[in-house]
Amino acid sequence: MVKYYILIKRKYMKILVLEDDYSYRSSIKEYLEVLEYQVDDFENGDDALNAIFDNKYDLLLMDIIVPNITGYEVLKEVRKHNIEVPIILVTSLTDVDDLSVGYELGCNDYIRKPFSLKELKYRVTEAINSFHFKSNTNKIKLYADYMFDLDNEELTLNDTYIKLTQVETKVINFLIRRRGQFCTTQDMIVSIWDDDFISDADLRMHIKRIRDKTTKELIINSRGLGYKIEKF
């Protein structure tokens, strides 16, 4: 039976939470972190929007009625600037006309208050899987005949296993989640190594070793933009 949900390596996924209610925000953040997601949380729309422009997120989870600018306004700005990220709006609104506004602006889903943490888990998983891995298989096709198995974190070429180090696997995994877009070295270092001190030279070394084991076309780089793996 083909798996519907792709196993996500959550510790690599970054979520922004916009919620002005402290108890809701704290509960959501703590629960998502237990699930091994990285979470940035904000209580007002201005700070959240600034963070979205300064970082790359895998999901935006936003309340609608928040201080400064609303979740609707944040959503509108995100789509206006062609930022590709799935967005779930959190709301206590029940009117169909209110809900339709978010969909028209480009949100991917709604979750109504009050909600259970289990419901939140499935909504988040579905949004991330559907948006980033538009596929019902756990294998991602890469350049030429390279494939990456998300479940086992294995890279193959024509069914031949390519041995990667743990760090090299993290680099591949990170870039696959953002296929088709350049990722800066700073974004990669912060997301992959967290608090460890890693220099640009260290990252270049890991990229070179991956290319030595595969091909230079697998990971593309552009001066000033960073690195990317293309969509196929």
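For this structure, a couple of remarks:
- Flag if Phe197 is touching a Leu at 6+ places or on another chain (Cβ under 8 Å) and among the hydrophobic types (A, V, I, L, M, F, W, C): no
- Subset tally (residues that are part of a strand (DSSP E or B) and open to solvent by less than 70 Å² (accessible area, probe 1.4 Å)) for the stretch 155-167: 4
- Taken over the stretch 200-232, residues that are among the small types (Gly, Ala, Ser) and touching a Ser or Thr at 6+ places or on another chain (Cβ under 6 Å) amount to 1.
- Test result for Arg179, open to solvent by 30 Å² or more (accessible area, probe 1.4 Å), at negative phi and in a loop (DSSP other than H, G, I, E, B): yes
- Index of the failed condition, Asp151 passing every other in (1) of a type in the set (D, E, K, R); (2) open to solvent by less than 50 Å² (accessible area, probe 1.4 Å); (3) part of a helix (DSSP H, G or I); (4) at pLDDT below 90: (3)
- Taken over the stretch 189-231, residues that are loosely packed, with under 13 Cβ neighbours inside 10 Å and part of a strand (DSSP E or B) amount to 1.
The values are calculated or read from the model by the stated rules, or taken from the named source; none is laboratory data. All values reported here derive from a predicted model rather than from experimental measurement. Positions of Cβ are generated from backbone atoms using ideal geometry, with glycine treated the same way; all protein chains shown enter the neighbour counts. We work out accessible area using only protein heavy atoms, side chains counted, and drop any ligands, DNA or RNA first. Shrake-Rupley method; radii C 1.70, N 1.55, O 1.52, S 1.80 Å.
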